[in-house]
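Undergrad: Supplied in C-alpha cells, the structure appears directly below.
The values are calculated or read from the model by the stated rules, or taken from the named source; none is laboratory data. Small disclaimer: the values here were computed from a predicted structure and weren't measured. All Cβ positions, glycine included, derive from the backbone under ideal geometry; neighbour counts span all protein chains shown. Accessible surface is based on the protein model in full, side chains and every heavy atom, while ligands, DNA and RNA are left aside. Shrake-Rupley method; radii C 1.70, N 1.55, O 1.52, S 1.80 Å.
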Amino acid sequence: MVAAPVDPRSTAAWATLTRLADGFTPDLRRWFAEEPERAARLTLDVGDLHVDLSKNLLDDAVLAALVELAGEVGLEARRDAMFRGDHINVTEDRAVLHTALRQPPDVEVEVEGQDVVDDVHDVLRKVYAFADDVRSGRWTGVTGQRISTVVNIGIGGSDLGPVMAYEALAPYVQDGIECRFISNIDPTDAASTLTGLDPATTLFIVSSKTFGTLETLTNARLCRAWLLDSLRSSGAIGRGEDDTAAAVAKHFVAVSTALDKVAEFGIDPDNAFGFWDWVGGRYSVDSAIGTSLVVAIGPERFDEFLAGFHAVDEHFLRTPLDRNVPVLMGLLNVWYTNFLDAQTHAVLPYSQLLHRFPAYLQQLTMESNGKSVRWDGSPVTTDTGEVFWGEPGTNGQHAFYQLIHQGTRLVPADFIAFADPAYPLADGDKDVHELLLANFFAQTKALAFGKTADEVRAEGTPEAIVPARVFPGNRPTTSIMAPALTPSVLGQLIALYEHITFTQGVVWGIDSFDQWGVELGKQLALQLAPAIDGEESALADQDGSTRALIRYYLEHRTR
Ligand code: F6P
C-alpha cells in the first residue's frame, strides 16, 4: 500500500519557505564576503563528482527549511519504498527498480518472491557474451564478414540514453566499431543514417521496451527491407525463405520486455535481450537497452558505468538529507520553481562529449515530473516540472547566455566540467582545455557576482550605455566537476539527475514513473490516418484547423 502524498503546502516548512521567499534579496557578493568558508561549506562530493552549491541563492534558513520540507513530505520513506520494490508507480501498478540494475551480484532485491538482481546479472551476462562476440569478430554477418556498424533503432528512452552515452564515451569506443541511431519516424532519419553503410557489416539492434512503438517498428521494417534488398541485389543472398531468415538472424537482435512480440517480428528469441516492466524507459540505459553501448565500449567499461550509478545510489540511500547531493539539488529546484518563480533550468556541459546530455535530461526530468495530478489522482497543489534545456558551453555563451546574464527571468543553471580533457590539444603553447575551463569558471563567476554600474563606469564607459553594461549578478548556478568523463563518472552523473528528479517528484506528490501525457497524441495520430488518406467523411469529422491543415497537405503533396 503506497502512502498518500503529503500536500507540501500543508507543511510547516512550506510556510517557512513562503515567509523566507517574501522579500528575499539574495546577495552572493555579501554572503561570500561575510563567510569566507561558504564555498567549502556548500561543496559536497558524491563519488567522483565535486558539487559546488555555494553560488545558489541559498542561506542557512532556506537550506534548513528545504531539508525540513523533505522530511515532512516523507522523502526518505518513499526513497526506501522505491529501493525495496514497492509499487510506487501506482498508475501502472509497478515497482520502480532501476537501482537494481546496478546492484552488485551478491545483493538481493526481491520482487514477488523473485531476486531481480539475479535476473539482471543473467541478462547482463548474455549481453556481454553477445558484445564480446561482435567485438572479437566471432559474430559475423550472413556473408561471414565482421560487423563494423551497429545501428540502434529505438525512440525516447530506447534511444536517448544509448546515443547520449555513446557520444559521451566516444574515446572508449573500440576501433573498427561505429554505432548509429535511428529514432524519428521522419523517413529522413532512416534514409540518412543508412547512407553509406554496407549491409554485410551492419547489425541492427531493435530496442523497444514495449515492442509496440510505431516509430521503432516502422524503422525496423525499413531497415529490414534495406538489408534484404541490398544483400539480394548484390547477390550476397538469394530470395528464398532460408536465406532471408539467415540474414535477419545474423543482422537483427532485439531488446525488449515483450519477447513474444520480438519473435513475431521475426527475430530469433535467442538473439533477444530482456528487461522488466519495473525499468522505466527513461531509466533504462543501464539495462539491456544499453546493448549498443556495451558493443561499443565493451563489458568491462560497461561494468564501470554501472558501478558509477551504484555509487550515487548508495549515497542517495545512506547520506543524511542535509549532506545528500541529489536531495539538495532537487530541493533547490523546488525552491526556485515554487518560491522564486523559475520556469526553466539550464544544464550546460563544458564538454562537447556531453552534447546530447541536455536532450537526455529533458526526457528524464520532463516526462517524469511534467504532471498535474498526484499519485493518488488528486490535482497537484503547486507548480511542477520546470523546462530543462541546454547546450554545451561555449556554444551557448554565443547564443542564449545573454538572457541568463541580463534577462528578466531567473534561469538556474548547472555547469558541468572535467579536469582532464578527452582530447588534449594545444594551440601553440596554449592548452585549449584550459581555455574551455577559463570560460566555465568565468561564467558562473559573472552570473553570481555580476558587475555594478560603478564598475562599468570605472572602465570609462559613456554614461548613456552604462545601464546596458551592468550585470545584476545573483543568478544561481551549481558547478559539477569531476576528474574526467569516464564511464563511471557518466553513470554517476545520470544517477545524480535520476535522484534529483525523484526528490522533486516526491515533494510535488507526483508519480514520476508514468507518462500518460504522451498517449493522446499517439492515439490521434493513428485515428487521423483515413483523413490523411483524403477520406472525405474522416476529414469532415475533424476540427476546422486540423481539417484545413490536412487539406493543405493533400493539395500540396506531389506524390
Ligand atoms: O511515448 C513515450 C515512451 O513510452 C517513452 O516513455 C519511452 O521511452 C518511449 O516511448 C519508447 O518506448 P518503447 O521503448 O516501448 O519503444
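Undergrad: Going residue by residue through segment 309-328, is there one that turns out to be among the basic types (Lys, Arg), part of a helix (DSSP H, G or I) and surrounded by fewer than 24 Cβ atoms within 10 Å (Cβ to Cβ)?
TA: yes
Undergrad: Restricted to segment 363-394, and to residues that are among the aromatic types (Phe, Trp, Tyr) and more than 16 Å from the ligand (Cβ to nearest atom), which residue is surrounded by the most Cβ atoms within 10 Å (Cβ to Cβ)?
TA: Per the criteria, the residue is Trp375.
Undergrad: Only one residue in Ala3, Ala21, Ala15, Ala40 is of a type in the set (A, V, I, L, M) and within 21 Å of Val325 (Cβ to Cβ), so which one is that?
TA: Ala40
Undergrad: Suppose the filter is open to solvent by 10 Å² or more (accessible area, probe 1.4 Å), of a type in the set (Asp, Glu) and either within 30 Å of Asp543 (Cα to Cα) or in contact with a strand residue (DSSP E or B) (Cβ under 8 Å, 6 or more places away or on another chain) (or both); does Glu519 pass it?
TA: So Glu519 passes the test.
Undergrad: Could you go through segment 374-388 and let me know if any residue there is part of a helix (DSSP H, G or I) and out of contact with any Phe, Trp or Tyr (no Cβ under 8 Å at 6 or more places or on another chain).
TA: Among the residues of segment 374-388, not one is part of a helix (DSSP H, G or I) and out of contact with any Phe, Trp or Tyr (no Cβ under 8 Å at 6 or more places or on another chain), which makes the answer no.
Undergrad: Here's a follow-up. What is the residue count in segment 501-518 for residues that are in a helix (DSSP H, G or I) and either without any contact (Cβ under 8 Å) to a residue 24 or more places away in the chain or within 21 Å of Val312 (Cβ to Cβ) (or both)?
TA: Number of matching residues: 7.
Undergrad: Let me ask you something else. Inside segment 109-149, can you point out the residues that are in contact with a Phe, Trp or Tyr (Cβ under 8 Å, 6 or more places away or on another chain) and either within 16 Å of the ligand (Cβ to nearest atom) or of a type in the set (Val, Ile, Thr) (or both)?
TA: Val109, Val111, Val116, Val123, Val127, Ile147
Undergrad: Give just the number: which of (1) in contact with a strand residue (DSSP E or B) (Cβ under 6 Å, 6 or more places away or on another chain); (2) more than 21 Å from Leu53 (Cα to Cα) does Arg356 not satisfy?
TA: Arg356 satisfies all of (1) in contact with a strand residue (DSSP E or B) (Cβ under 6 Å, 6 or more places away or on another chain); (2) more than 21 Å from Leu53 (Cα to Cα) except (1).
Undergrad: So Ala39 clears everything in (1) touching a residue at least 40 places away in the same chain (Cβ under 8 Å); (2) open to solvent by less than 60 Å² (accessible area, probe 1.4 Å); (3) under 27 Å from Ala417 (Cβ atoms); (4) not aromatic (Phe, Trp, Tyr) except one condition, right? Which one?
TA: Only one criterion is unmet by Ala39, namely (1).
Undergrad: Run down Ala246, Ala236, Ala263 and say which single residue is modelled with pLDDT under 95 and among the small types (Gly, Ala, Ser).
TA: Going through Ala246, Ala236, Ala263 in turn, just one is modelled with pLDDT under 95 and among the small types (Gly, Ala, Ser): Ala263.
Undergrad: Might you let me know whether segment 470-481 holds any residue that is farther than 16 Å from Pro349 by Cβ, among the basic types (Lys, Arg) and open to solvent by less than 70 Å² (accessible area, probe 1.4 Å)?
TA: Scanning segment 470-481, I find at least one residue that is farther than 16 Å from Pro349 by Cβ, among the basic types (Lys, Arg) and open to solvent by less than 70 Å² (accessible area, probe 1.4 Å), so the answer is yes.
Undergrad: List the residue pairs whose Cβ atoms are under 8 Å apart, where the first residue sits in segment 270-284 and is in a strand (DSSP E or B), the second is open to solvent by 10 Å² or more (accessible area, probe 1.4 Å) and within 9 Å of the ligand (Cβ to nearest atom), and the two are 6 or more positions apart or on different chains.
TA: Pairs that qualify, where the first residue is in a strand (DSSP E or B) and the partner is open to solvent by 10 Å² or more (accessible area, probe 1.4 Å) and within 9 Å of the ligand (Cβ to nearest atom), are Gly274/Thr257.
Undergrad: Pull up segment 2-26, narrow it to residues that are in contact with a Leu (Cβ under 8 Å, 6 or more places away or on another chain) and buried (at least 18 other Cβ atoms within 10 Å of the Cβ), then point me to the one that is nearest to Asp86 (Cα to Cα).
TA: Across segment 2-26, the extreme among qualifying residues is Pro8.
Undergrad: From Ala525, Ala484, which residue is touching a residue at least 24 places away in the same chain (Cβ under 8 Å), within 16 Å of the ligand (Cβ to nearest atom), small (Gly, Ala, Ser) and surrounded by fewer than 21 Cβ atoms within 10 Å (Cβ to Cβ)?
TA: Testing whether each residue is touching a residue at least 24 places away in the same chain (Cβ under 8 Å), within 16 Å of the ligand (Cβ to nearest atom), small (Gly, Ala, Ser) and surrounded by fewer than 21 Cβ atoms within 10 Å (Cβ to Cβ) leaves just Ala525.
Undergrad: Out of Lys430, Lys451, report the one residue that is without any contact (Cβ under 8 Å) to a residue 40 or more places away in the chain, more than 27 Å from Pro162 (Cβ to Cβ) and surrounded by 15 or more Cβ atoms within 10 Å (Cβ to Cβ).
TA: On inspection, the qualifying residue turns out to be Lys451.
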